[in-house]
1. Which aspartates and glutamates, on any chain, are close to residue 69 with Cα under 13 Å apart, when same-chain ones fewer than 8 places away are left out?
2. Could you put 16, 79 in order, starting from the residue whose Cβ has the fewest other Cβ atoms within 10 Å?
3. Taking only DSSP H segments of four or more residues, each worth -39500 (n - 2.57), what value at 222 nm results for the chain once the sum is divided by all its residues, to the nearest 500 deg cm²/dmol?
4. Near residue 73, within a Cβ-to-Cβ distance under 13 Å, what is the net charge of the other residues, with Lys and Arg +1 and Asp and Glu -1?
5. With r defined as the distance between the Cβ atoms of residue 69 and residue 47 and R0 fixed at 30 Å, what FRET efficiency is calculated, to the nearest 0.05?
6. How large is the translational diffusion coefficient of the chain in µm² per second when you combine the Kirkwood radius over alpha carbon pairs with Stokes-Einstein at 10 °C and 1.306 mPa s?
7. What is the extension gain from residue 36 to residue 79, computed as 0.36 nm multiplied by their sequence separation minus the C-alpha to C-alpha distance, in nm to one decimal?
8. Around residue 24, under 13 Å between beta carbons, what's the net of Lys plus Arg minus Asp minus Glu among the other residues?
Amino acid sequence: MLLRDMNITPRRLEVLKIMSGGTTDAECGEILYIASATVRNHIAQLLTITGFKSRKKMLAWARSSGISKLDVAVYENWLRTSTNGLPPSNS
């Protein structure tokens, strides 16, 4: 499963990254200055996007795949400058 093929927004990636560290919905909301209900909405959307049936399995995948260590700003910049979901070429 490739991150670039999932069309995950930078904000949802932030939620996934923070939640994979073991925080609660409320703690994640405080960190991002959003309501815990908004965090739950992002998690529900992430479950749909990634195809996982459980939050626990999705968060374990995020930890094992390195998403928990991903720099969201770099990802956001890559999304802005990429074409068709591929990294920009050097030509």
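Bear in mind that the values in this text are calculations on the coordinates, not laboratory data. Just so you know, these numbers come straight off a predicted model, no measurement behind them. When we count neighbours, we look across all protein chains shown, and the Cβ atoms used for this are built from the backbone with ideal geometry, even at glycine.
1. Qualifying aspartates and glutamates at Cα under 13 Å: 14.
2. By the 10 Å Cβ count, ascending, the order reads 79, 16.
3. Details: 5 runs with 53 residues, N = 91.
Taken over the chain, the calculation gives -17500 deg cm²/dmol.
4. Working: positive: 11, 17, 80; negative: 14, 71, 76.
Combined, the nearby Lys, Arg, Asp and Glu give 0.
5. On the way: r = 21 Å, r/R0 = 0.71.
Rounded to the nearest 0.05, the efficiency is 0.90.
6. Values: Rh = 13.6 Å.
D = 117 µm²/s.
7. Working: separation 43, 0.36 × 43 = 15.48 nm, distance 2.62 nm.
My answer for the length gained is 12.9 nm.
8. Numbers: positive: 40, 55; negative: 25, 27, 30.
Around residue 24, the surrounding residues sum to -1.
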